[in-house]
Amino acid sequence: MSIEAITIGFVGIDERARSAYQTFLENISWVKCVLVDDIAQAQVCIVDLDAYNIQPTYQELLKNYPDKIFLRISINNSKEPGDASKSFFLKKPVKKENFRKILKKISSEYNEESITEEPENNLLIKVHLNKISERQEEKKDTSDKPQTGNSTDGTKPEAKKKPKVKKKISTANAGKLLNVKNEEHLVGYQKNIDINDTEQLKEITYEPDKLIQTLIEKACINSKLKEGIVRLTILDATLYFDAQKQKVHSTSTLCALQSLCLTPHNNAITYQLKPVSFRPKLYQILQTSKNKTMEEQSWNMEAFVWLIALWSSRGRIAKGISLNSPIVLMQWPNLTRLAAIPHSVRIAALLYEAPYTLIETADLLGIEQRYVFAFYNACKAIGLAKMSQRKQEKEVAHKHYKNPSILKKVLGKLFRLIK
Amino acid sequence: MNDVKIIITGPVGSGKTAAIITLSDKDPVSTDQSATDMTKSMKSETTVAMDYGTMTLGGKERIHIYGTPGQERFDFMWDILSTNGLGLILLLDNRRKDPLKDMTFFINSFKDYIEQTAVVIGITQTDVNPLYKIDQYHRKLNDLGCKGAIFEVDARSINDMAHLTQALLFTIDPGLEFSE
């Protein structure tokens, strides 16, 4: 069976788009498409109606070539009724299946035998990549690429010799993916507990109301509700909460605030609500303070609250939290802009998928409970997690990928990249 | 060969090319050419068809990373690219006029693919234009009936892109361990 080639011309389509269409068309095996530059030679004209000032050109083509087939492409709906055999329309975003159907209809205009469509194959990608390689004369400059150990001529430096014995790293090390240093300040060092042992439970419980954590969370809420700047003085530290700007400022350094986190405040606090007109004066105060300490003393509000919660809890659990109630994670925390804690990505992925208790989460992921406790405390502090009132009625079958080995290797690779 | 692929998509200038450079081992195949239309006001080069990079995992296994062209006129390529993929990384440019509309467009365009796999979203340029907040993106994603991690990222930062990629992998399988 011989199938005639269909000649296709483009109108209102630049070279870049043309190369993409060319790649698609060349990989359709059941009809041969030949692209032509001269519209007069084209049997089919593909017209991008969204191109600048295309209408006069298009109308002229319709007038001069009434026998040509036009395939109009636009992001707007087609308004032009036309001879169905001579005029086709594809709405953007164009789906390849729709495009292929139209090509099939068009090719049946020119070929008497019916066209049998062959299955799509991945040759498309290979062909296109080969074409790209041919056009490339030099590799892209990698001057802005982060250091990954590649030399500038594209070859890798000789890799360090690693021990030959392949050792499976326990899941605890998956947390190290985040390159967390001094994690004890954030997640403490408690061992796992038996939740039925009241003594052990007492040891891992803390009272945020007695610490600055609750005061700070309330100050953020009040600043937002009252649309002002809250000034909070706790012991020797003064903090300013500006919810409109999503900022927390302090005349104390972060190091000083960290040590306050574990100190009961004993109500040695003063609280003031200032109007937003106080802001310029606040900036003067902060500049004076910064000149003395030479340290940044303003932080994103969410990141600050997250950090305070971690420093205060240190892997313990707040009084009143039930370890038997499932936890609901309402949305993923913005982990790239928050203090990193080991296993946070895995914990978030699991809890976002379905509610589990904190102990179940630690068991399912094979990690220490303190990581889960720390994660929950921090998420709760920024309003992203809460306890579910209802006990989970049935077990949720969480997802498993069919070929986990390759995903594990990707994780390992990512770990090496950020080390 | 046990190869898999990840698709990185998003509008023009959202950082797809930079993200592939960040994640790839070798210099990726880049198809940037001078922009000739209104995208030139956004960037001087724009992707002709697609960017491509690889992450080698040891032996002959590789992750193929494909970046789709940003403009709608290339969107039939998206359909082709997403066959047999692991998941989708959607990068959104917070400087654009309506990035929430962009998100709607791309989530709807890849809806079938996302349902079979997973999506994570990286918001770039939040330091340049903090107008749109991450909560708004979460609400919009929820309205679209979709779930996924949303992080602020700098596409040139290996830490940010590694976090985002980890989020994709753990969304696919939260119980993943890792081996070296």
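As an exercise, use a Förster radius of 35 Å and the Cβ-Cβ distance of residue A:363 and residue A:185 to find the FRET efficiency, rounded to the nearest 0.05.
0.85
Quick one: length gained pulling residue A:226 to residue A:389 fully straight, 0.36 nm per residue minus the C-alpha distance? Could the numbers behind the result be given before it?
Details: separation 163, 0.36 × 163 = 58.68 nm, distance 3.01 nm.
Gain on stretching residue A:226 to residue A:389: 55.7 nm.
How well do other chains shield peptide B:56-63, expressed as the mean number of their Cβ atoms within 10 Å of each residue Cβ?
Numbers: counts 3, 7, 4, 1, 0, 5, 1, 5.
Per residue, the number of nearby Cβ atoms from other chains is 3 on average.
Testing the spin-label approximation: label points 7 Å from Cα along Cα→Cβ at residue A:36 and residue B:97. State their distance in nm.
Result: 3.8 nm between the two label points.
Would you mind checking A:290/B:147; A:101/A:409; A:95/B:140; A:409/B:101; A:413/B:111 for any pair whose Cα atoms are more than 32 angstrom apart? Mind showing how you got there, number by number?
Numbers: A:290/B:147 42 Å; A:101/A:409 40 Å; A:95/B:140 24 Å; A:409/B:101 35 Å; A:413/B:111 29 Å.
Going by Cα-Cα distance, A:290/B:147; A:101/A:409; A:409/B:101 fall outside the 32 Å limit.
Step through the residues of the stretch B:134-142 one at a time and calculate ³J(HN,Hα) from phi using the Karplus curve (6.51 cos²θ - 1.76 cosθ + 1.60, θ = phi - 60°), rounding each to whole Hz and writing x for Gly and Pro.
5, 4, 5, 5, 4, 5, 5, 4, 5
Please give the residues from the stretch A:324-338 for which the solvent-accessible area of heavy atoms, probe 1.4 Å, is smaller by at least 10 Å² with all protein chains in place than with the chain isolated.
A:331, A:332, A:334, A:335, A:336, A:337
In sequence order, what are the phi-derived ³J(HN,Hα) couplings for the stretch A:196-210 according to the Karplus relation 6.51 cos²θ - 1.76 cosθ + 1.60 with θ = phi - 60°, rounded to whole Hz, with x for glycine and proline?
Computed from phi, the couplings for the stretch A:196-210 are 8, 9, 5, 5, 5, 4, 4, 5, 9, 9, 9, 10, x, 5, 8 Hz.
What quantity of accessible surface, computed with a 1.4 Å probe and excluding non-protein components, is buried in total between chains A and B, in Å² to the nearest 100?
Values: alone 26580 and 10090 Å², together 29050 Å².
It comes to approximately 7600 Å² buried between A and B.
Under 5 Å between amide H atoms, partner at least 5 residues away or on a different chain: which partners does residue A:239 have, H built in plane at 1.01 Å?
A:232, A:233, A:234
In terms of modelled amide H atoms, which long-range or inter-chain residues lie less than 5 Å from the amide H of residue A:247?
Long-range HN contacts for residue A:247: A:242, A:301.
Rank A:68, A:380, A:104 by accessible area, highest first, at a 1.4 Å probe radius?
My answer, sorted largest first, is A:380, A:104, A:68.
Under 5 Å between amide H atoms, partner at least 5 residues away or on a different chain: which partners does residue A:229 have, H built in plane at 1.01 Å?
Amide H neighbours of residue A:229, under 5 Å, 5+ apart: A:274, A:276.
Among A:413, A:91, what's the order by accessible area (1.4 angstrom probe), most exposed first? Kindly include the intermediate steps, with their values, before the conclusion.
Numbers: A:413 20, A:91 90 Å².
So the residues, ranked largest to smallest area, are A:91, A:413.
Convert each backbone phi in the stretch A:36-43 into a coupling constant with the Karplus relation 6.51 cos²θ - 1.76 cosθ + 1.60 (shift: θ = phi - 60°), then list the ³J(HN,Hα) values in order as whole Hz, x for Gly and Pro.
10, 8, 8, 4, 4, 8, 8, 7
Quick one: if the Förster radius is 22 Å, what FRET efficiency do residue A:303 and residue A:281 give, using the C-beta to C-beta distance and rounding to 0.05? Let's see the in-between values first.
Values: r = 25 Å, r/R0 = 1.12.
Rounded to the nearest 0.05, the efficiency is 0.35.
What does the extension gain come out to for residue A:235 and residue A:265, with contour length at 0.36 nm per residue minus their alpha carbon separation? Show your work: numbers first, answer last.
Values: separation 30, 0.36 × 30 = 10.80 nm, distance 0.70 nm.
Here the segment from residue A:235 to residue A:265 would lengthen by 10.1 nm.
Could you work out, residue by residue across B:147-159, how many beta carbons of other chains sit within 10 Å of that residue's beta carbon, and then give the average as an integer? Walk me through the numbers before you get to the answer.
Numbers: counts 4, 3, 10, 4, 8, 4, 3, 1, 0, 3, 3, 7, 7.
Mean number of neighbouring Cβ atoms from other chains: 4.
The values are calculated or read from the model by the stated rules, or taken from the named source; none is laboratory data. These numbers come from a predicted model, not from an experiment. Note: ideal-geometry Cβ built from the backbone for every residue, glycine included; neighbour counts use all protein chains shown. Areas reflect the complete protein model, heavy atoms only, side chains present, ligands, DNA and RNA absent. Shrake-Rupley method; radii C 1.70, N 1.55, O 1.52, S 1.80 Å.
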